[in-house]
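To start, the structure under review is shown below, and the notes come after it.
The values are calculated or read from the model by the stated rules, or taken from the named source; none is laboratory data. Here the structure is a predicted model, which is why all the values come from computation and not from measurement. Glycine gets a Cβ as well: all are built from the backbone with ideal geometry, and neighbour counts include every protein chain shown.
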Amino acid sequence: MPLLCQQWETTVGPVTARGRKNTAHRAVAHLDTTTAHRAAAHLDTTTAHRAAAPHVGDPVAAVAAIDERTAEAALKLIEVEYEELPPLLDPFEATAEGAPLIHDQYPRNINTHVEQCFGDLDKAFAESHLVREETFTGNHIYQCPLEPHAAISYWEHDGTLVLYTSTQVPHYVQYMVAHVFHMPLGKIRVIRPAVGGGFGGKAATCPLDLCAAILARKTGRPVKMVYSREEMFHYGRGRHKQHMRFKLGVDRDGRIKAFKSEIYLDGGAYSSFGVATAYYAGSMIPTLYNIPNYRYDGYRVMTNKPAAGAMRGHGVPQPRFAFECLLTMIADELGIDPIEIRRRNSMRPNTRTVNDLDVGSCEFDATLEAVAKKSGWAEKYGKLPRGKGIGVGAGGFVSGAGYCIYRGQVQLSHEKPREHFQKRSIFPHANAVVRISEDGMAAILMIGAAEIGQGSDTILVQCCAEALGIPVSRVRIHSQDSDISPLDLGAYSSRVTLMAGHAVSRAGWDVADKMKPYAAKMLGCDASQVVARDAKFFVAKTESGATAVSAVVGAGAHCSQSSGTRPNHAPSTVAWEEVARQYFNDNGPLVGTGCYKPPEGLGGDFKGATVGTSPAYSFGSAVCEVSVDLETGKVRVERFTDFHDCGTPINPRAVHGQVEGAIVMSAGETIMEDVQFDEKGRILNPNLHGYAMMSIKDAPQIFSGLVESYEPRGPFGAKEIGEGSTLPVLGAVAHAIANATGVWIKDLPITPEKILNALREKSPTPVRGAAYAASSSR
Amino acid sequence: MYIPNVELHECESVEQAGALLTRYGSSARLLAGGTDLLVDLKTARTATAHLVSLKRVAALRGIKLETASQSNNGYLRIGALTTVAEIDANPLVRTQYAPLCDATRDMATVQVRNLATIGGNLASAVPCADLPPILIVLGASVELWSAGGSRTVGLDRFFLGPRKTDIRPGEVLIAIRIPTIPPGFGAAYSRFALRNGNAIAVASVAASLALGNGGSITQARVALGAVAPTPAVVDRAAGALIGKTPGEDAFHAAALAAQTTSAPISDVRGSAEYRRELVAVLTRRALGAAAQRATESLT
């Protein structure tokens, strides 16, 4: 059976709409697919369509055909007549009095307004020794995963929908498809093949998932849909561009008294994850520093652009960039070393933040000390020649969102009304099954955790092997098929290591516990004395005393001293597989299960208090060194020194890989990336030629280090790294550039042209570190 | 994105290509490396019914030193189908025409350099192309073959507009000639791009100069890329430089002349004002590097 291919009709597509295409805000007045349907008779095409297009590139119709060329030909036969409306391209235009509404349900185009206030701001500012207010602007960033969004769908004869999709969140896709098609979750099989990166852009059900399924039903054949690179930009779901007005008050010693944040988030034409984004932009600021008084006003605003969504660091990198810059400006103004001012305000372990988040383990101070030492900060800061700069930034993130995006239990969504939110998880967020092969030589690990290139399959196999007491080479993982593997919520909010790590290790321990009585019988001891490690069972004491017990495995940690009672002829070890075979002989399949629910009662009781809750928080610091060509403004990011508190790493190499990737990605985001729009809302650079990401030739030398840390709520002491590693980067780069040039660039990206213009304006904010006495440049 | 229906003709000789061009006229395009043309066809920036491929014409490949004769002082002859990577790696180029490597070294990506040809880079006449400015200041010319006879055109007169050249119907660009670089002559190419790998030039400047016995400039050329509809020759540069000693004052005057010649546009990579600014900086830098090479060649 041939695969059918699909193309979108979009405003930049080949369809002419009487000279009225390519404008951002249109109601689709008329869409005539009859010609295409007539063509369908001999071209073998099928269409599906809809009737609104609030941004350029928003699809209005889908065509399936026998091949892609035929689909393109059919597209040209579709007549679309658009009623053109004036585009709203930034949140200030969109919230202005009298602006047209993009969606009727959002007055003044405000999609979400967050208002959170903790403490007495007026009093705290009045008591501050120094108050500084600055405005910062972010940029439109797109994830640009190497692999485009893609879906293949077909329907089984029994009515089961099968959907292959390039996604980070197979379960949410399954749930959303059930919701849209009003069919039971159990009738939907989602398969996530190897995914070529997501970074948040694949954290939701994509139109391809739904259209492929609809067209597959209409045609009775498998349908494949793939975005082109340009269509990916038009689909969007990249970072929100944030317009930030920050006010920070400190005492004489640089200790934070109060912080006020007002942010307008440019949301694009749809909600996507934007409500959560708007909350995250505020909630994660007080996790890093002790901020006794805090106010946050966030407005997520609809505009006629592709929807912004969740991207690595979800909502936080731009406010974190702005906050780090502001804190450094204040440090320079007070003559306090920027690393020292961070130490004076740094988060302590076991603290409840001002916005009611429970920080457990925290080695933020250790990361600051380590980057200062390793980078040679004291010898460099303030002592570099003009054009050379060094800067510091810090950041941290949740290790998994405390609560699920949807409420209630797993069910057909229209079965009953949405449940009220409660501060506990109804069902486990991560679930694993381990089955041991009948000869005991292999463990099959099943969990729906989404491997998207970040290495989650690797670390989950490690966790499972550790719990079972066998080498990783004996564990195989199946994480790709919802028919095989139980629910895991997916790869977002940096949750997999902590949550899925718990589920798989618990499943492993479940297996080990079932084997212990058999091992004990063979070893001639009590089951509680038995330890599994290196594919053997043994009595804890006989190896090398209590220290032989693996601290991370935990099983057998309470071994008694009674091993002396073992019969003399009993073996000192037995092969792991032999114990498994004995179990199978008596009981049939050797299977263990494990699951993880986040702790109950996380967070405060105010509106939005749950966004930012997490079992654990990561912390990190980075020092960046740059050289700036003062004649062209071009920045060379030369060196990065990064230390992270990610708890106890399961796989240090994977951690360093995340850090290195985050530095290259975020440094590029700081100095070169920007999706640009024209006055009609058309993207000017929807390709990897015009949208510049950092290439390997631009990448800095990177030192990634870890500080010692143990998180009691994490599996084997681990916390997250994937998203938190992006957060220190932007501020560190911005500070290093300011340090090299004597000018702060407060709107991203910090392009050579902006640097040159700022140098020419010659009203730089003083930066202590920069030796810019000779600033009579140009 | 598909290449629309086109007929591909694989040629074994220039004569065969010429015959096809004559037969199909304006409905045919020559295909060399294809790194520009195939992309343009896919994105419907251009259309053609026939692609006349030169890839199998072995005679169009290769780099050779032609010795001096009565009519010239010798030159380097580069076949039009020679790839940028082949030029960049060629020992003759590296030792005797090093300034050319300023442009070949950082152009596009490894993959593009392995496919893109020097003939294609010139014949496409894209304003931001990297090879034209440096070839112009090296005094290069192109050999244009046609069934009716061949002619040689100086590169400084070759570009007529964006994507428009002096190639006439039925003509094939078969080779590039670069005159022998004499002692006391130096050239350099200075480009600015927003990143170091795989980025097209925001602005670029090539400069060459010759030094006389007293150390003063006897001959000078400056050419610009990405800041005008065509690779632009700065006519007034010679006036600003000849007779002067290489140095900031002379270079500054030439930089002002270059800025006057430039007619940049604003786009996603930078504003016109910024490009004009870059032209001055890059002109000074290219002249500085050229002067250094000229001086070194005398010692």
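Those residues that are β-branched (V, I, T) and crowded, with 24+ Cβ neighbours inside 10 Å, I need them from the range A:257-290; list them, please.
Here is the first cut: in the range A:257-290, the ones β-branched (V, I, T) are A:263, A:275, A:277, A:285, A:287.
Selection gives A:I263, A:T277, A:I285, A:T287.
Of everything in the range A:174-231, what is of a type in the set (D, E) and more than 26 Å from A:P486 (Cα to Cα)? Give them in sequence order. Before you say what the answer is, go through the steps one by one.
Taking the range A:174-231 and keeping what is of a type in the set (D, E), we get A:209, A:230-231.
Of everything in the range A:174-231, those that are of a type in the set (D, E) and more than 26 Å from A:P486 (Cα to Cα) turn out to be A:E230, A:E231.
What's the number of the condition B:C101 fails, among (1) touching a Phe, Trp or Tyr at 6+ places or on another chain (Cβ under 7 Å); (2) under 21 Å from B:A223 (Cβ atoms)?
In the conditions (1) touching a Phe, Trp or Tyr at 6+ places or on another chain (Cβ under 7 Å); (2) under 21 Å from B:A223 (Cβ atoms), B:C101 misses (1) alone.
Considering the range A:604-653 alone, what residues qualify as being buried (at least 24 other Cβ atoms within 10 Å of the Cβ), within 14 Å of chain B (Cβ to nearest Cβ) and assigned to a loop (DSSP other than H, G, I, E, B)?
Result: A:G633, single match.
Output yes when any residue across the range B:255-262 is closer than 25 Å to B:A98 by Cβ and within 14 Å of chain A (Cβ to nearest Cβ), and no when none is. Outline the logic, then answer.
Of all residues in the range B:255-262, those closer than 25 Å to B:A98 by Cβ come to B:255, B:258.
Then drop every residue that is not within 14 Å of chain A (Cβ to nearest Cβ), which leaves B:255.
Checking the range B:255-262: at least one residue is closer than 25 Å to B:A98 by Cβ and within 14 Å of chain A (Cβ to nearest Cβ).
Those residues that are more than 30 Å from the chain's Cα centre (by Cα) and part of a helix (DSSP H, G or I), I need them from the range A:374-388; list them, please. Explain how you work it out, then say what you get.
First, the residues of the range A:374-388 that are more than 30 Å from the chain's Cα centre (by Cα): A:376-388.
Across the range A:374-388, the qualifying residues are A:W377, A:A378, A:E379, A:K380.
B:E7 versus (1) within 14 Å of chain A (Cβ to nearest Cβ); (2) more than 30 Å from B:E296 (Cα to Cα): which is the lone unmet condition?
Unmet for B:E7, out of (1) within 14 Å of chain A (Cβ to nearest Cβ); (2) more than 30 Å from B:E296 (Cα to Cα): (1).
Specify which of the listed residues (B:I176, B:I136) is under 19 Å from B:V234 (Cα atoms) and either in a loop (DSSP other than H, G, I, E, B) or within 15 Å of the chain's Cα centre (by Cα) (or both). I'd like the intermediate steps shown before the answer.
Values: B:I176 fails: under 19 Å from B:V234 (Cα atoms).
None of the others qualify; the one that does is B:I136.
How about the range A:348-364: which of its residues are assigned to a loop (DSSP other than H, G, I, E, B) and surrounded by fewer than 21 Cβ atoms within 10 Å (Cβ to Cβ)?
Restricting attention to the range A:348-364, the residues satisfying the condition of being assigned to a loop (DSSP other than H, G, I, E, B) are A:348-350, A:353-357, A:360-363.
Scanning the range A:348-364 gives A:R348, A:P349, A:N350, A:V354, A:D356, A:G360.
Of everything in the range B:165-207, what is without any contact (Cβ under 8 Å) to a residue 40 or more places away in the chain, basic (K, R) and under 25 Å from B:G79 (Cα atoms)? Give them in sequence order.
Within the range B:165-207, B:R168 is the sole residue that qualifies.
Which of the residues spanning the range A:378-407 are crowded, with 19+ Cβ neighbours inside 10 Å and among the aromatic types (F, W, Y)?
A:Y381, A:F397, A:Y403
Consider A:V729 carefully, then state whether it is closer than 28 Å to A:L326 by Cα, away from chain B (no Cβ under 14 Å) and surrounded by 22 or more Cβ atoms within 10 Å (Cβ to Cβ).
Numbers: closer than 28 Å to A:L326 by Cα: yes; away from chain B (no Cβ under 14 Å): yes; surrounded by 22 or more Cβ atoms within 10 Å (Cβ to Cβ): yes.
Answer is yes for this residue.
Scan the range B:149-167 and tell me whether some residue there is out of contact with any Ser or Thr (no Cβ under 7 Å at 6 or more places or on another chain), charged (D, E, K, R), part of a loop (DSSP other than H, G, I, E, B) and at pLDDT 95 or above.
There is at least one residue in the range B:149-167 that is out of contact with any Ser or Thr (no Cβ under 7 Å at 6 or more places or on another chain), charged (D, E, K, R), part of a loop (DSSP other than H, G, I, E, B) and at pLDDT 95 or above.
Could you check, for the range A:442-453, whether at least one of its residues is over 22 Å from the mean Cα position of the chain (by Cα) and within 30 Å of A:E660 (Cβ to Cβ)?
Narrowing the range A:442-453 to residues over 22 Å from the mean Cα position of the chain (by Cα): A:442-446.
Restricting the remaining residues to those that are within 30 Å of A:E660 (Cβ to Cβ) gives A:445.
Within the range A:442-453, one or more residues are over 22 Å from the mean Cα position of the chain (by Cα) and within 30 Å of A:E660 (Cβ to Cβ).
Going by the conditions given, is B:T83 among the hydroxyl-bearing types (S, T, Y) and surrounded by 20 or more Cβ atoms within 10 Å (Cβ to Cβ)?
Numbers: among the hydroxyl-bearing types (S, T, Y): yes; surrounded by 20 or more Cβ atoms within 10 Å (Cβ to Cβ): yes.
Here the answer is yes, as B:T83 does meet what is asked.
Restricting to the range A:333-347, name every residue that is of a type in the set (A, V, I, L, M) and assigned to a helix (DSSP H, G or I). It would help to see each step written out before you state the result.
Applying the first criterion (of a type in the set (A, V, I, L, M)) to the range A:333-347 yields A:334, A:336, A:339, A:341, A:347.
Selection gives A:L334, A:I339, A:I341.
Considering only residues that are hydroxyl-bearing (S, T, Y) and touching a strand residue (DSSP E or B) at 6+ places or on another chain (Cβ under 7 Å), look in the range B:211-248 and name the one that is surrounded by the fewest Cβ atoms within 10 Å (Cβ to Cβ).
Let us first name the residues in the range B:211-248 that are hydroxyl-bearing (S, T, Y), namely B:216, B:218, B:230, B:245.
From what is left, the residues that are touching a strand residue (DSSP E or B) at 6+ places or on another chain (Cβ under 7 Å) are B:218, B:230.
Working: B:T218: 15, B:T230: 21.
Among residues in the range B:211-248 that are hydroxyl-bearing (S, T, Y) and touching a strand residue (DSSP E or B) at 6+ places or on another chain (Cβ under 7 Å), the one surrounded by the fewest Cβ atoms within 10 Å (Cβ to Cβ) is B:T218.
Restricting attention to the range B:183-203, report how many residues are among the aromatic types (F, W, Y) and more than 7 Å from chain A (Cβ to nearest Cβ).
Let us first name the residues in the range B:183-203 that are among the aromatic types (F, W, Y), namely B:185, B:189, B:192.
Remaining after also requiring more than 7 Å from chain A (Cβ to nearest Cβ): B:185, B:189.
Of the residues in that region, 2 qualify.
Of (1) more than 23 Å from B:L100 (Cβ to Cβ); (2) away from chain A (no Cβ under 14 Å), B:V234 satisfies all except one. Which?
Here B:V234 meets the rest and fails (1).
With the condition kept exactly as written, say whether any residue in the range A:754-761 is within 28 Å of A:G661 (Cβ to Cβ), away from chain B (no Cβ under 14 Å) and modelled with pLDDT of 95 or more. Break it down into steps so the answer makes sense when it comes.
Quick first cut of the range A:754-761, residues within 28 Å of A:G661 (Cβ to Cβ) only: A:754-755.
If we keep only those that are away from chain B (no Cβ under 14 Å) as well, we get none.
No - not one qualifying residue is present in the range A:754-761.
Tell me which of these A:N585 doesn't satisfy, since it passes every other one: (1) in contact with a strand residue (DSSP E or B) (Cβ under 8 Å, 6 or more places away or on another chain); (2) in a helix (DSSP H, G or I); (3) not aliphatic (A, V, I, L, M).
Failing condition for A:N585: (1).
Please go through the range B:266-283 and give me each residue that is more than 8 Å from every other protein chain (Cβ to nearest Cβ), without any contact (Cβ under 8 Å) to a residue 40 or more places away in the chain and either assigned to a loop (DSSP other than H, G, I, E, B) or closer than 14 Å to B:R191 by Cβ (or both), ordered by number.
B:S266
Inspect all residues belonging to the range A:389-412 and state whether any of them is touching a residue at least 12 places away in the same chain (Cβ under 8 Å) and in a helix (DSSP H, G or I).
At the first step, the residues of the range A:389-412 found to be touching a residue at least 12 places away in the same chain (Cβ under 8 Å) are A:389-412.
Then drop every residue that is not in a helix (DSSP H, G or I), which leaves none.
For the range A:389-412, residues touching a residue at least 12 places away in the same chain (Cβ under 8 Å) and in a helix (DSSP H, G or I): absent.
Conditions: (1) farther than 30 Å from A:G198 by Cβ; (2) crowded, with 21+ Cβ neighbours inside 10 Å; (3) at pLDDT 85 or above. A:I78 meets all but one. Number of the miss?
Result: A:I78 passes all but (3).
Which condition breaks for A:Y518 when tested against (1) farther than 17 Å from A:I444 by Cβ; (2) at pLDDT 95 or above; (3) touching a strand residue (DSSP E or B) at 6+ places or on another chain (Cβ under 8 Å); (4) of a type outside the set (D, E)?
(3)
Farther than 29 Å from B:V279 by Cβ, surrounded by 24 or more Cβ atoms within 10 Å (Cβ to Cβ) and touching a helix residue (DSSP H, G or I) at 6+ places or on another chain (Cβ under 9 Å): does that describe B:L60?
Yes: the conditions hold for B:L60.
How many of the residues making up the range B:178-210 are out of contact with any helix residue (DSSP H, G or I) (no Cβ under 9 Å at 6 or more places or on another chain), modelled with pLDDT of 95 or more and surrounded by fewer than 20 Cβ atoms within 10 Å (Cβ to Cβ)?
Count: 1.
Restricting the search to the range A:655-709, which residues are part of a helix (DSSP H, G or I), within 9 Å of chain B (Cβ to nearest Cβ) and surrounded by fewer than 22 Cβ atoms within 10 Å (Cβ to Cβ)?
none
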